[in-house]
1. Excluding ligands, DNA and RNA, what is the solvent-accessible area per residue of the range 192-300 at a probe of 1.4 Å, expressed in Å²?
2. How long are the three semi-axes of the equivalent ellipsoid for the range 234-300, computed from the Cα gyration tensor as the root of 5 times each eigenvalue, in whole Å, largest first?
3. For the range 33-50, in order, what is each residue's ³J(HN,Hα) by Karplus, 6.51 cos²θ - 1.76 cosθ + 1.60 with θ = phi - 60°, in whole Hz (x at glycine and Pro)?
4. Hey, any idea what % of the range 76-131's accessible area is carbon plus sulfur with a 1.4 Å probe?
5. Ignoring ligands, DNA and RNA, how do Ile28, Ile221 rank by accessible area with a 1.4 Å probe, largest first?
6. Give me the accessible area of Glu253, 1.4 Å probe, in Å² rounded to the nearest 10.
7. Give me the 1.4 Å probe accessible area per residue for the range 25-123, excluding ligands and nucleic acids, in Å².
8. So how much accessible area does Trp25 have, in Å² to the nearest 10, using a 1.4 Å probe?
Amino acid sequence: MRALQTVVLVGAAYYLLSRQIAPHWTEIRARHFAWQPAPLLLGSVLVLGTLGVLVGAWITSLRWCAVRTTPLDAAKVWFTANLARFLPGGVWQFASLAVMASRYGMSTAAATATVLLEQVVLLITGLAVVAVFTPAVVHATWWQAALIVGIILGVVILALPRPGARLGHWLGRYVPSLTQVWSQLGPRHLLQFCVILTVPWLMYGTAFRLLALGLLGSGSIGASWGFYIAAFTGSYLAGVIAVFAPAGLFVREAALIGVLTPVLGGGDAAILAVASRIWLTALEIIAGVVVLAVPSTPSA
């Protein structure tokens with residue numbers, strides 16, 4: 001499986017570099033950046049705020065499961081797991097989550113179950129955001145399939161807490177701790193979670209357009225705020241679905257370039273996709289390092 005993952009990841013990198021970036025290399029090298037500080041700063045603040053919303057949503061779900069922890073300790077656990085997703089292998093995020101949760105006195109089962117729940121709900125709300133902001137593509141076959149997947153996932157979430165549900169019964173046999181935690185969440189909690197986790201997509205997409213404005217200038221970005229929200233969200237979801245790619249590496253960039261090229265041109269699309277990855281990764285690392293550097297008292 002690791003060999004297969006490596007092959008697929010190398011293939012995705014080759015496609016990105018040879019098919020989407022190399023043909024526009026001359027255009028990319030000739031590009032003069034606008035470097036407008038106000039949009040770049042505001043976009044960075046929005047990204048950091050988005051990370052705060054995601055951490056806050058996770059803390060809320062922990063409290064629904066009767067897990068008591070301080071916001072700082074929860075943030076340390078969340079940021080460690082978030083940064084671990086960049087490591088290849090696909091298991092380090094949850095391995096680090098389990099280790100850090102245990103260190104700070106949290107239930108490992110509750111921490112893992114609520115992070116999984118957050119990921120699933122983010123996938124569903126992301127599909128909904130894309131559908132709302134790109135009505136022209138809702139009728140395409142791919143998006144119809146994506147929306148069906150989202151609906152199925154939503155039904156799964158609602159079915160898990162039901163003791164008599166067939167899927168819940170099956171999971172209860174093999175992953176009892178997971179179903180025990182999720183069974184504490186009712187429909188009201190799930191609906192509230194969906195509302196909360198719609199906000200990060202809107203904030204991320206808005207920050208992405210501000211990045212385009214700061215790098216390329218107002219005369220080059222040419223599309224509505226809704227387009228940038230949909231483009232960023234759709235590409236991010238593509239990276240999430242591509243489980244073989246750590247943090248969606250290469251897949252997200254390829255998807256983003258494909259969406260942006262008809263509007264911005266291939267050169268600017270490639271620049272913005274790569275810049276977005278570097279920008280977001282840098283902000284996530286900075287935020288994680290700052291949070292982890294703040295002293296706290298582990299529960300041993």
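The values are calculated or read from the model by the stated rules, or taken from the named source; none is laboratory data. The model shown is predicted, which means the values in this text are computed figures rather than measured ones. For accessibility, only protein heavy atoms count, side chains too; no ligands or nucleic acids. Shrake-Rupley method; radii C 1.70, N 1.55, O 1.52, S 1.80 Å.
1. On the way: 3890 Å² over 109 residues.
For the range 192-300, the per-residue accessible area is 36 Å².
2. On the way: eigenvalues 204, 43, 10 Å².
Value: 32, 15, 7 Å, ordered largest first.
3. Ordered by residue, 3J(HN,Hα) equals 7, 6, 6, 8, x, 4, x, 5, 5, 5, x, 5, 4, 5, 5, 4, x, 4 Hz.
4. Numbers: 1360 of 1890 Å².
Answer for the range 76-131 is 72 percent, counting heavy atoms of protein chains only.
5. Numbers: Ile28 30, Ile221 5 Å².
Reading off the accessible areas and sorting them downward yields Ile28, Ile221.
6. 10 Å²
7. Numbers: 4510 Å² over 99 residues.
Value returned for the range 25-123: 46 Å² of accessible area per residue.
8. 130 Å²
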